[in-house]
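> Pasting in a structure now, in structure tokens, and then I'll have a few things to ask.
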Amino acid sequence: MLRGKERDRLLVQIVENSPVSMVTFDENFVITYANKFHSRLYGFGREQIIGEKVFMLSGAEDPESFYRGAAAMAREHGIWRGEDERCKQDGSRFPSSSSITLLNDDEGHFLCFFEASREIWDRTEREEKLRRISYRDPLTGVANRRAFNEAYEREWIHARTRRLPVSLLM
């Protein structure tokens, strides 16, 4: 069993070499730490990001509201988890599976927020492909009954709320 400095060195190596982006930020949403993988994923060097607001990582329409809401959830429940859009240094965006954890010391005093995020392009592309397949006949490419039912429901609600007629062509 590792103790003291050996354990601390091992933990540093684990965090630094993790294949997940890890950052910490304070109560003012200022980034205080970023691991190596964060630089590879987002494109920011540590010297560029430490001391900056964490909002710059979000691809949300209102990044500040996104982070304030996620931090509030982490304060209340200990952790926030979700899928969201992130923004790289070059401005490109990517889907992410993320978590924000509240870290307190042994006495319950705030230490920092810890965020872990990873890119999920592969999964979102697979899900989109499955969605497309589930709505189209694989041989003809024509919309199937599921697509029809959803379109019909959507149009029926639209017509009812606006008091418009509905036509169906077969």
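The values are calculated or read from the model by the stated rules, or taken from the named source; none is laboratory data. Note that this is a predicted model, so its numbers are computed, not measured. A quick note on method: Cβ atoms are made from the backbone with ideal geometry, for glycine too, and the neighbour counts reach across all protein chains shown. Only protein heavy atoms, including side chains, enter the accessible area calculation; ligands, DNA and RNA are left aside. Shrake-Rupley method; radii C 1.70, N 1.55, O 1.52, S 1.80 Å.
> Taking the residues in the stretch 88-105 that are in a strand (DSSP E or B) and open to solvent by 20 Å² or more (accessible area, probe 1.4 Å) as candidates, determine which candidate is nearest to residue 118 (Cα to Cα).
Among them, the one singled out is 97.
> Working carefully through the options 47, 27, find the one that is assigned to a loop (DSSP other than H, G, I, E, B) and among the acidic types (Asp, Glu).
None of the others qualify; the one that does is 27.
> Looking at the stretch 7-24 only, could you name the residues that are in a strand (DSSP E or B) and in contact with a Leu (Cβ under 8 Å, 6 or more places away or on another chain)?
Matches in the stretch 7-24: 21, 23, 24.
> Also: Out of all the residues in the stretch 42-80, which are among the aliphatic types (A, V, I, L, M) and closer than 12 Å to residue 30 by Cβ?
49, 50, 54, 56
> Do we find that residue 42 is crowded, with 17+ Cβ neighbours inside 10 Å and of a type in the set (Ser, Thr, Tyr) in this structure?
For residue 42, the condition - crowded, with 17+ Cβ neighbours inside 10 Å and of a type in the set (Ser, Thr, Tyr) - is met.
> Answer yes or no: is there a residue in the stretch 127-141 that is hydroxyl-bearing (Ser, Thr, Tyr), at pLDDT 85 or above and touching a helix residue (DSSP H, G or I) at 6+ places or on another chain (Cβ under 8 Å).
Within the stretch 127-141 (the criterion being hydroxyl-bearing (Ser, Thr, Tyr), at pLDDT 85 or above and touching a helix residue (DSSP H, G or I) at 6+ places or on another chain (Cβ under 8 Å)), the answer is no, since none of the residues qualifies.
> Tally the residues that are loosely packed, with under 15 Cβ neighbours inside 10 Å and without any contact (Cβ under 8 Å) to a residue 60 or more places away in the chain, restricting the search to the stretch 16-35.
Of the residues in that region, 4 qualify.
> Looking for something open to solvent by 30 Å² or more (accessible area, probe 1.4 Å) and assigned to a loop (DSSP other than H, G, I, E, B) - is there at least one such residue anywhere in the stretch 61-77?
yes
> Got at least one residue in the stretch 153-168 being touching a residue at least 24 places away in the same chain (Cβ under 8 Å) and open to solvent by 90 Å² or more (accessible area, probe 1.4 Å)?
no
> So which residues in the stretch 48-66 are under 16 Å from residue 38 (Cβ atoms) and over 11 Å from the mean Cα position of the chain (by Cα)?
Scanning the stretch 48-66 gives 48, 49, 50, 51, 52, 53, 54, 55, 56.
> For the stretch 149-167, name all the residues that are assigned to a helix (DSSP H, G or I) and not hydroxyl-bearing (Ser, Thr, Tyr).
149, 150, 151, 153, 154, 155, 156, 157, 158, 159, 160, 162
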